[in-house]
Amino acid sequence: MFAVKRLVGILLPWLLAIPTTAAIADEIMRTEAKGLYKSLPDIPVQIANGQTQPLSSFWKDKPVLLTLFYRRCSGSCSPFLMNLKSAVEDSGGLGDFYQVVALSFDPRDTLEDLQQSAATFKLDQSPDWHFAVADAASIAKIADTIGFWFKKIPTDQEQFDHPSMIAAIRDGKIVRVLVGTEIPHARMRDLIYEVKGVFVPFLAVPGKDTIFRCFKIDPKTGTLRLDWGILILMAPALLAALIGYFIFRRKPAP
Amino acid sequence: MDLAKKNTLAWIAITLILFPILLLLGILMRTVQANGLSAAQEWFYPFMTLHGVGMVGVWYVGAMACAERIIAKYTKPSAAISTFAIVGTTIGVVLLLVCVLIGKFAAGWYFLYPLPFKGNWPVWAATTFLLSITVLGATWLIWSLDLLRAIAQKYSISKALGWHYIGGATEPDVPPAIIISTVSLLACVACLLAGVTVLVLFDAELIAGVRNDALLVKNLTFFFGHVLVNLSLYLGVAVIYDVLPQYCDRPWKANKIVAISWNSVLAIVFMAYFHHLYMDFVQPTTFQYLGQIASYMSSLPAAVVTIFGALALVFHAKMRWTLTSALFYLALMGWAIGGVGAVIDSTIAVNSKFHNTLWVPAHFHTYMLEGLVLMVLGYYYHFVQENAKLPESWGFHKVILSMIVVGGYGFLMMFYISGANSVPRRFATYPAEVAHGASYSGFAAVFATVFFMGLLLYAIETGKRWLNVRG
Ligand code: HEM
Ligand SMILES: [Cu+2]
């Protein structure tokens, strides 16, 4: 009886915990899938040097990683932009295959705010990072398309509650979305392959590493390579052959 | 009566209790699909799961029980393990009933990852289901290993697989049933190990919270599911090789061609299941082509050799037509017809159209319902009649056979027609675009009821003899 109680005591928290962690990952995946393959509305944006141009002028030149932030954020925006910067540096290809557009969703942000933001992250000299603002109605259209949302925090009118997102845009279409302040490098690489037009046949589920994959994608060349999972796939047949060998090893009785 | 024979009687009883219940669930499903019994709609998927796992399990154990009896003619399987198999299977079935009937578990018969974790059922229902499959898998693994052990006591591996025939020798005589059983049981061990691997991966996710590669789990799941169903049929065929000759007064011997065809099954059967993954664009293209080749190679030679052999056996023989020999004959026919449907669907170009239409249940119900089921029922009747020796009425048996054929093929035809007309499988009710699916379902329910009545008459005939043997 005691043993049973203990077993239940050990198992129960697991059984209860699994649905919640799974639910969070599900929620992220759902958000990431919401905007896939939609066309982005072509809104006018003003970039930090004061110039106004249609958003499409970016993707007509090169694919775009689009993200939303605001200058005064005391929460996730700064760490997120730092993470994005380091993920971009790590993965390479910026300027060759894609550019980054960081769009402020706070209508109070001015050109000066944009310049300061760029300077804070030491990105003001980078030709492939663009900080931009747009009018509230345009921002709402963009947010709606990629599945972004924000709302004022009741206790502090300066601050917004909002997620952190990157949308990869090719030819005006959303080809992949990443949600989360942390940017796992493997997911970032997949994003960049996708934006380059290399088909990535599998999605890493956010939050945890998958054990025993059949394939992994080579980060350098983008080719698929066999992984440990394939060995597991062959194990049953090999093991059965081995067992067969042992069963039939002895000479049958005459 | 010895324990081994008592166990066969127990298997007959288990089969004849479970089969009608699972069959009624099938009729219920077709009725719901015909827009009848709307109260049962919410039970469609739990029942579909119970029906699917139940039928696959029942006919696997049925085939094993027959094969065990045949193997026991030549060597000695352990009676204790045979009893253990009955107990383990019963426990597994009870767990299955609990998780479906109380927990409303409904992930389909092959519980494709990650569905068991995502459905509208409580976590305990999914765990109980996995536990049920674990108990069944472990029990059947031990059972298969014991049968192999028994074969190995009398035959070396080269004799058991008939390699001497391939080498050109004609001596010593090895019964074809032994060759086919050895092939099937080795495949069985592999597929059950694949099943165990799937369960371990599921448990790892459930208990340790790690995440699985969906492609790997899908491959392993169909390795398990496809091979299990496939080898059940082969065990049934082994039984026919052994028993049908008794009704023609002619031997049916192994030879070079028989040995080659079954060895090629063993060599390639593990790759045929790739045809379940044709739609998975992540699966490497090489596997897809291998899947098509292996699907042809693992079914055609063995089927052609067997059916040609059976025809040669029956042709101009002093055939004794009884319920058993007729069921065997019809079973080979059903195997051939279903096999053609399967080979058509395992062709990549066709599969891209037929995938997940009712064509799929159409072909597998053909070689199960009009193939394997008839092989096992044929043998069961043979077994009890051989021991009871009651007088038989061929006229009455022809009535039973007609109901089984007309009801069965009528039911199947509705599946085929629906599939060819784009009706998808696994829809509880049909949306407007495929509303024609509903009327086919109605006819199917009627035909299936005819089959059911035929089955009841069969059960009366076999039951009488069963009671007589039991004493
Ligand atoms: C007259 C007898 C039977 C009837 C009326 C029947 C009926 C059905 C129906 C209506 C379905 C659901 C089809 C759909 O996807 O819409 C089904 C599925 C299935 N049946 Fe049967 N069936 C019968 C016999 C059998 C037998 C003998 C087997 C033996 C293996 C079997 C195995 C299965 C399996 C594995 C599934 C698939 C379940 C899934 O999709 O998860 N059935 N059957
Ligand atoms: Cu922020």
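No value in this document is a laboratory result; all are computed from the given coordinates. Here the structure is a predicted model, which means the values were calculated and not measured. Every residue, glycine as well, gets a Cβ built from its backbone with ideal geometry; the counts of neighbours run over all protein chains shown.
Which net charge results for the neighbourhood of B:LEU374, defined as the other residues with beta-carbon distances under 15 angstrom from its beta-carbon, given Lys and Arg at +1 and Asp and Glu at -1?
-1
Taking H as built 1.01 Å from N, whose amide H comes closer than 5 Å to the amide H of A:LEU68, not counting residues under 5 places away?
Residues meeting the amide H criterion: A:LEU103, A:MET165.
Describe numerically, in nm with one decimal, the distance between label points set 7 Å from Cα along Cα→Cβ at B:ALA79 and at A:LEU231.
4.7
Expressed in nm to one decimal, what extension gain is obtained for the pair A:GLU89 and A:LEU36 from 0.36 nm per residue of sequence separation less their Cα-Cα distance?
Result: 16.6 nm gained on full extension.
Determine the percent antiparallel among the DSSP beta bridges restricted to segment A:16-196, to the nearest 5.
Restricted to segment A:16-196, the bridges split so that about 65 percent are antiparallel.
For the pair A:ASP171 and B:LEU97, what calculated FRET efficiency results from E = 1/(1 + (r/R0)^6), where r is the Cβ-Cβ distance and R0 = 60 Å, to the nearest 0.05?
The formula returns an efficiency of 0.65 here.
Set the Förster distance to 35 Å, then compute FRET efficiency between B:LYS118 and B:ILE142 from the Cβ-Cβ distance, nearest 0.05.
0.60
Under a crude label model (7 Å from the Cα following the beta-carbon direction), how far is A:ASP128 from A:SER57 in nanometres?
Rounded to a tenth, the inter-label distance reads 2.0 nm.
For a Förster distance of 22 Å, can you work out the FRET efficiency between the beta-carbons of B:MET453 and B:TRP321, rounded to the nearest 0.05?
E between B:MET453 and B:TRP321, to the nearest 0.05, is 0.50.
Kindly list the residues of segment B:441-471 that lie in the label zone of B:LEU390, defined by a backbone N under 13 Å from the point 7 Å along the Cα-to-C-beta vector.
Of the residues in segment B:441-471, B:457-471 have backbone N under 13 Å from the label point off B:LEU390.
Where Lys and Arg each count +1 and Asp and Glu each count -1, what net charge lies around A:ILE247 among other residues with Cβ under 12 Å from its Cβ?
Neighbourhood net charge equals +2.
Take segment B:378-459, drop everything but the C-alpha atoms, weight them equally and run the Debye formula without solvent; then report log10 I(q)/I(0) at 0.18 Å⁻¹ to two decimals.
-0.77
Output the pairs from A:LYS251/B:LYS256; B:LYS76/B:LYS154; A:LYS34/A:LYS141; A:LYS196/B:LYS218; B:LYS76/B:LYS464 with a Cα-Cα distance over 19 Å in this structure; if there are none, say none.
Checking Cα-Cα distances, A:LYS251/B:LYS256; A:LYS196/B:LYS218; B:LYS76/B:LYS464 exceed 19 Å.
How big is the gap, in Å, between the Cα center of segment A:97-147 and the Cα center of segment B:178-210?
Answer, in whole Å: 54.
Taking a ≥ b ≥ c as the square roots of the Cα gyration tensor eigenvalues, with a/c under 1.5 meaning rounded and otherwise prolate when a/b beats b/c, else oblate, which class fits segment A:50-143?
oblate
Describe numerically, in nm with one decimal, the distance between label points set 7 Å from Cα along Cα→Cβ at B:ILE348 and at B:ALA312.
The answer from the label model is 3.6 nm.
Between B:SER402 and B:ASN356, what length comes free when the chain is fully extended (0.36 nm per residue of separation minus the Cα-Cα distance, one decimal in nm)?
Fully extending the segment from B:SER402 to B:ASN356 adds 13.5 nm.
Give, rounded to the nearest 20 debye, the magnitude of the charge dipole that the protein assembly as shown has about its Cα centre when Lys and Arg contribute +1 at Cβ and Asp and Glu contribute -1 at Cβ.
2440
Rounded, prolate or oblate: which fits segment B:139-254 when a ≥ b ≥ c are the square roots of the eigenvalues of the alpha-carbon gyration tensor, with rounded for a/c under 1.5 and prolate only if a/b beats b/c?
The shape class here is prolate.
Using DSSP, restrict attention to beta bridges with both residues in the protein assembly as shown and report what percent are antiparallel, rounded to the nearest 5.
If I count the DSSP bridges inside the protein assembly as shown, around 65 percent turn out antiparallel.
Whole Å is fine, so just give me how far the alpha carbon centre of segment B:66-117 lies from that of segment B:291-338.
Centre-to-centre distance over Cα atoms comes out at 28 Å.
What does the helix-only formula give at 222 nm for the protein assembly as shown: each DSSP H stretch with n ≥ 4 adding -39500 (n - 2.57), the total divided by the residues, and the result rounded to the nearest 500 deg cm²/dmol?
It comes out at -21500 deg cm²/dmol, rounded to the nearest 500.
With N residues in segment B:3-470, what two-decimal value do you get for its Cα radius of gyration over 2.2 N^0.38 Å?
Computed over Cα atoms of segment B:3-470, the ratio equals 0.94.
Rounded to whole Hz and in sequence order, give me ³J(HN,Hα) for segment B:282-291 from the Karplus expression 6.51 cos²θ - 1.76 cosθ + 1.60, θ = phi - 60°, writing x for Gly and Pro.
7, 5, x, 4, 4, 4, 5, 5, 4, x
Could you work out how far the C-alpha centroid of segment B:256-277 sits from that of segment A:156-201, in angstrom?
Each part reduced to its Cα centre gives a spacing of 46 Å.
Give me the dipole magnitude in Debye, nearest 20, for segment B:3-470 about the Cα centre, with unit charges on the beta carbon: positive for Lys and Arg, negative for Asp and Glu.
Approximately 820 debye in magnitude.
Within 15 Å, Cβ to Cβ, of B:TRP394, how many net charges do the neighbouring residues add up to if Lys/Arg are +1 and Asp/Glu are -1?
My count for the surroundings of B:TRP394 gives 0.
Could you tell me whether segment A:116-163 comes out rounded, prolate or oblate from its Cα gyration tensor? Rule is a ≥ b ≥ c as square roots of the eigenvalues, rounded for a/c under 1.5, then prolate if a/b exceeds b/c, otherwise oblate.
oblate
Note the full-extension length gain between B:LYS5 and B:SER156 as 0.36 nm times their separation in residues minus their Cα-Cα distance, in nm to one decimal.
Stretched fully, the B:LYS5-B:SER156 segment lengthens by 51.7 nm.
Across every pair of different alpha-carbon atoms, what Kirkwood hydrodynamic radius in Å does the protein assembly as shown reach?
This gives a value of 29.0 Å.
Determine which aspartates and glutamates satisfy two conditions relative to B:LYS389: a Cα distance under 16 Å, and not lying fewer than 8 residues away in the same chain.
Candidates past the 8-residue exclusion: B:GLU461.
Would you grab the residues whose amide H sits under 5 Å from the one on A:PHE131? Only those 5+ places off in sequence or on another chain, please, with H modelled 1.01 Å from N.
For A:PHE131, the qualifying residues are A:ALA48, A:ALA102.
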